[in-house]
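A short worksheet on the structure shown next.
The values are calculated or read from the model by the stated rules, or taken from the named source; none is laboratory data. Bear in mind the structure is a predicted one, so any value in this text is a computation, not a measurement. Here Cβ is always computed from backbone atoms with ideal geometry, including for glycine, and neighbour counts include all displayed protein chains.
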Amino acid sequence: MTATQISESTGHGDTTRRAAARTAALTGPARRPRRTGRWAAWAFIAPVAIYLIVFYAYPLYRNLDLSLRDYTVRSFIDGNAPFVWFSNYVSVLQDATFWPALANTATFTLVSIVFQYSIGMALAVFFFQRFPLSATLRALFLVPWLLPLLVSASAWSWMLNSDSGIVNAVLGAVGVGPVNWLTSPQWSLVSVLIANIWIGIPFNLVILYSGLQNISTDIYEAASIDGANAWQKFWRITFPLLRPVSAITILLGLVYTLKVFDIIWIMTRGGPGSSSTTFAIWSYRLGFGSALPDLSPAAAVGNLLILIALILGLIYIRAQRRLEV
Amino acid sequence: MKTRRSWWITLIGVVLTAVMLFPIYWMVNVSLTPQSDMRKSPPDLFPLQPTFEGYQKVLSDQLPYLGTSLVIGIGTVVLTLVLSAPAAFALAKLRPRGGNVLSFVLLIAQMIPGIIMAMGFYAIYLNLGILNTIPGLILADSTIAVPFGVLIFTAFMRGIPDELMAAARIDGASTWRTFRSIVLPVSRNSMVTVSLFAFLWSWSDFIFASTLNSAGTAQPITIGIYRYIGNNNQEWNAIMATAVVASIPAAVLLVLAQRYVAAGVTAGAVKD
């Protein structure tokens, strides 16, 4: 559906007949409403337009403003914050946390995506076999995604507890020594990755499953007649035909994973040290982690994050326009 | 033979689901474990001597938090519906010039990380003096749901036949009347989907709650759990019991409205 909106807004890109037919079917006859109708339309839109300006654009502007000034708690009271150009950004870039945070953000995002996507894909193909109970089990798979992130993170914290966690108990039973999942620098990032992958699987499963539903069964029947086995069918038919859906799933996953905050903050607070600190965590820790909020550098880190998200977002929209027909 | 094979697959499916849901089972199990067995090694796999002391703690400590979350959730749902349904109607059916720009902005808006919004809101709320208030949190939480709401409603309302609206116009109905008496009742399903997600997201929100309402008198349940983890690191049955209670809305929604949930995930593949 979003693809339809985009293709309309640009008016090019979708040249295939199917897309044109779908757009036409969804929008109906493209008749410009009369002048009064146009005023009515804007009257209906005005609340959201104002809302977007006041509650999106203005906070973003304030955030930019924060990052270009030297704000202290005092500044909010007396209204004085000197304009310091990019010195907050410079000090953030020179901070010892910058490179670890960048590396952690990249690792966390990429590893999450790879596992969420491949496990989600395997499960989608598995559930697509339509066996008894498959619909019910598929619905149950959604539960981790619907739970408050804080709840999932707390559950994982206790499961991964060094002394009393079930994970170490199971590992101990097979003779592997206790792992300090949350408290050692080598394992903290792995721990939050495990929890995040677990949370992301349902989303990938559902989107990819809906993609599978749109592949015509005729193709599979033809392939069966030609003697293709299940493995060949997946790599030669399913995977190539799912490319548009896969692209969207992965790019949404990227944008979503960059934002992840709750899970890491609850499980490790980005520590020990900065071993599991991502940009989102770093920004929060600077801004709200201590008694005295240091909002200016926090806003600078946040704006770096938004820059990355924006670039990925634009890639997403381009990919969606090009691929989803 | 065919059925025999499919039962095997069902068995594998059940095992996979069990593995996936194990952390949730474990949460319930720990919530029922007596404090004396909490540090037992290896831990008990089943709550053989279930205790409800964790849940009693929840009742005595967490009820105000749950109430606040309920109020915030309902407030967010109402605000989201009131803002997004009319806008979607205009985008889908009245199609004003510039409407596409708005759709585009809404798409981008969903990609902004929460921490950035939180900092902007913090600066604004500090000046306005609405930090640590419920309305402030409702406004902030609604930013997660409004863009999603507009996109879902637009997608649905596009499918409403133009003839239906032309008929209303011929009968002399104003645009507002058409929207209220025809479009809204027909869109009931998408209203359920949008409400479900708006409620769930505001109920689950932690980042806005912890930044914009860290010192208020009325705080949501996510802060309740967070406080528990911070304060009494030892009483994990109480922490897990709170977590179980905080999961109830998600479970209820899934049971009562499963098809709406699936519709929301796929149709609005733009969730944060």
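Of A:115, A:127, all but one fail to be in contact with a helix residue (DSSP H, G or I) (Cβ under 8 Å, 6 or more places away or on another chain), of a type in the set (Phe, Trp, Tyr) and more than 13 Å from every other protein chain (Cβ to nearest Cβ); the exception is A:115. Residue count for segment B:122-146, restricted to those that are surrounded by fewer than 20 Cβ atoms within 10 Å (Cβ to Cβ), touching a residue at least 24 places away in the same chain (Cβ under 8 Å) and more than 11 Å from chain A (Cβ to nearest Cβ): 4. When residue B:251 is tested against the conditions (1) over 24 Å from residue B:39 (Cβ atoms); (2) more than 7 Å from chain A (Cβ to nearest Cβ); (3) modelled with pLDDT under 80, the lone failure is (3). Return a yes/no flag: does segment A:120-133 have any residue that is buried (at least 16 other Cβ atoms within 10 Å of the Cβ) and either closer than 28 Å to residue B:140 by Cβ or outside the structural domain of residue A:187 (by TED's automatic domain parsing) (or both). No, segment A:120-133 has no match at all. Screening residue A:206 with (1) farther than 25 Å from residue B:17 by Cβ; (2) in contact (Cβ under 8 Å) with a residue 12 or more places away in the chain gives one miss only, at (1). Determine which single condition residue B:6 fails, assuming it passes every other condition in (1) facing chain A (nearest Cβ under 9 Å); (2) farther than 25 Å from residue A:142 by Cβ; (3) modelled with pLDDT under 85; (4) in a helix (DSSP H, G or I). Every condition holds for residue B:6 apart from (2).
Among the residues of segment A:261-275, are any at the interface with chain B (Cβ under 10 Å from one of its Cβ atoms), surrounded by fewer than 24 Cβ atoms within 10 Å (Cβ to Cβ) and in contact with a Gly (Cβ under 9 Å, 6 or more places away or on another chain)? For segment A:261-275, residues at the interface with chain B (Cβ under 10 Å from one of its Cβ atoms), surrounded by fewer than 24 Cβ atoms within 10 Å (Cβ to Cβ) and in contact with a Gly (Cβ under 9 Å, 6 or more places away or on another chain): present. Of the residues making up segment A:76-102, those that are buried (at least 19 other Cβ atoms within 10 Å of the Cβ) and of a type in the set (S, T, N, Q) are A:88, A:97. Listed conditions (1) without any contact (Cβ under 8 Å) to a residue 12 or more places away in the chain; (2) surrounded by 15 or more Cβ atoms within 10 Å (Cβ to Cβ); (3) more than 9 Å from chain A (Cβ to nearest Cβ) are all met by residue B:63, apart from (2). On inspection, residue A:223 does not qualify as in a helix (DSSP H, G or I), in the same structural domain as residue A:104 (by TED's automatic domain parsing), touching a Leu at 6+ places or on another chain (Cβ under 7 Å) and surrounded by fewer than 20 Cβ atoms within 10 Å (Cβ to Cβ).
For segment B:9-45: of the residues being part of a helix (DSSP H, G or I) and of a type in the set (S, T, N, Q), which is surrounded by the fewest Cβ atoms within 10 Å (Cβ to Cβ)? Among residues in segment B:9-45 that are part of a helix (DSSP H, G or I) and of a type in the set (S, T, N, Q), the one surrounded by the fewest Cβ atoms within 10 Å (Cβ to Cβ) is B:36. Of the residues screened, residue B:69 is not one that is within 12 Å of chain A (Cβ to nearest Cβ), under 25 Å from the mean Cα position of the chain (by Cα) and within 30 Å of residue A:172 (Cα to Cα). Restricting A:72, A:105, A:27 to residues that are farther than 14 Å from residue A:303 by Cα and either at pLDDT 90 or above or surrounded by 19 or more Cβ atoms within 10 Å (Cβ to Cβ) (or both) narrows the list to A:105. The residues of segment B:105-121 that are more than 7 Å from every other protein chain (Cβ to nearest Cβ) and over 18 Å from residue A:260 (Cα atoms) amount to a single one, B:106. Checking B:160, B:112, B:144, B:130 one by one, the residue that is within 23 Å of residue A:265 (Cα to Cα) and not in a helix (DSSP H, G or I) is B:112 and no other.
The set of residues in segment B:77-101 that are within 24 Å of the chain's Cα centre (by Cα) and in contact (Cβ under 8 Å) with a residue 24 or more places away in the chain comprises B:77, B:79, B:80, B:81, B:83, B:84, B:85, B:86, B:87, B:88, B:89.
Taking the numbered list (1) surrounded by 14 or more Cβ atoms within 10 Å (Cβ to Cβ); (2) outside any helix (DSSP H, G or I) in turn, residue B:48 passes all entries but (1). Taken together, the criteria exclude residue A:169 from residues that are without any contact (Cβ under 8 Å) to a residue 12 or more places away in the chain, in contact with a helix residue (DSSP H, G or I) (Cβ under 6 Å, 6 or more places away or on another chain), within 7 Å of chain B (Cβ to nearest Cβ) and assigned to a helix (DSSP H, G or I).
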